[in-house]
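The values are calculated or read from the model by the stated rules, or taken from the named source; none is laboratory data. This structure is a prediction, so every number in the text was calculated from the model and none was measured. Glycine gets a Cβ as well: all are built from the backbone with ideal geometry, and neighbour counts include every protein chain shown. Please note that ligands, DNA and RNA were not included when accessible areas were found on the heavy atoms of the full protein model with its side chains. Shrake-Rupley method; radii C 1.70, N 1.55, O 1.52, S 1.80 Å.
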Amino acid sequence: MARVESPERIQKFLTAMNSIEWTDKSAAIKNIHNEVNLLADAEIRYYYTKRVYKRRLTGWLKILMLLFFSISILLPLLKNTGQFIESIDTWGYVFFAIAGICFTIDKTFTGSSGHMRYVVTQIKLEKLLTSFNLKWQNIYFEMGTHNENESCRLLFASMIEFTDEFYKILNDETQEWKAELTKVLEDLSKKAKS
């Protein structure tokens, strides 16, 4: 499957839509449903991959921050033991600065908040996909009680509703990211000026 941010996946979807044969409406609607699910699955996998990356990044940054902060506290204490060189306490400032850099990287590159945003988005998308497929199966199951055209109309309506809500969730997450990044950049700009 193509990378989620690549237009290749949409092109594949459009190619599949253009090759739908409507001689068998039931098979055609199932094929469309499958293609919509493949698009949704690609997005969910994208958010899963990104959340794992952000979780690891922020985890390592927090471990390093804690380690360097601890060293920065211990070094001045070691000076008083007389066992170390006289300038060892000044290294405490260096390690404290490195801990601060780890903290800044986490905040600037939205490690922690990015991870949380990806988790929330992935869960929303998974819930929506699960709900959509259950509703779709229910409508498909009831096809025998409606005429075929009415059933197809209901199935299409459910797919359109699903894709609209799906892309709304993606857009909301992107807007959240944009607002967060703008705030981080504004904060950095203010700090650089002062």
Fill in the blank from the handout: When (1) modelled with pLDDT under 90; (2) among the basic types (Lys, Arg); (3) within 22 Å of Lys25 (Cβ to Cβ) are applied to Lys135, the one that fails is (1)
Practice task
From the list Phe68, Phe103, Phe96, pick out the single residue that is under 30 Å from Leu181 (Cβ atoms) and touching a Ser or Thr at 6+ places or on another chain (Cβ under 6 Å).
Solution key: Phe96
Fill in the blank from the handout: For segment 9-25 the number of residues that are open to solvent by less than 30 Å² (accessible area, probe 1.4 Å) and of a type outside the set (A, V, I, L, M, F, W, C) is 1
Practice task
Identify the residue in segment 48-83 that is basic (Lys, Arg) and within 21 Å of Gln122 (Cβ to Cβ) and, among all such residues, is most open to solvent (accessible area, probe 1.4 Å).
Solution key: Arg56
Exercise for the section: State whether one or more residues within segment 1-15 are under 20 Å from Asn133 (Cα atoms) and in contact (Cβ under 8 Å) with a residue 12 or more places away in the chain. Expected result: yes
Handout entry: Complete set of residues in segment 4-27 that are within 17 Å of Thr163 (Cβ to Cβ), touching a helix residue (DSSP H, G or I) at 6+ places or on another chain (Cβ under 9 Å) and hydrophobic (A, V, I, L, M, F, W, C)
Key = Val4, Ile10, Phe13, Ala16, Met17, Ile20
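Considering only segment 106-164, state which residues are in a loop (DSSP other than H, G, I, E, B), open to solvent by less than 80 Å² (accessible area, probe 1.4 Å) and closer than 18 Å to Tyr47 by Cα.
Matches in segment 106-164: Thr110 only.
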Exercise for the section: Inspect segment 174-193 for any residue being within 20 Å of the chain's Cα centre (by Cα), of a type in the set (Lys, Arg) and under 16 Å from Glu43 (Cβ atoms) and give the result as yes or no. Expected result: no
Practice task
Go through (1) under 17 Å from Thr108 (Cα atoms); (2) at pLDDT below 90 and name the single condition Met65 misses.
Solution key: (2)
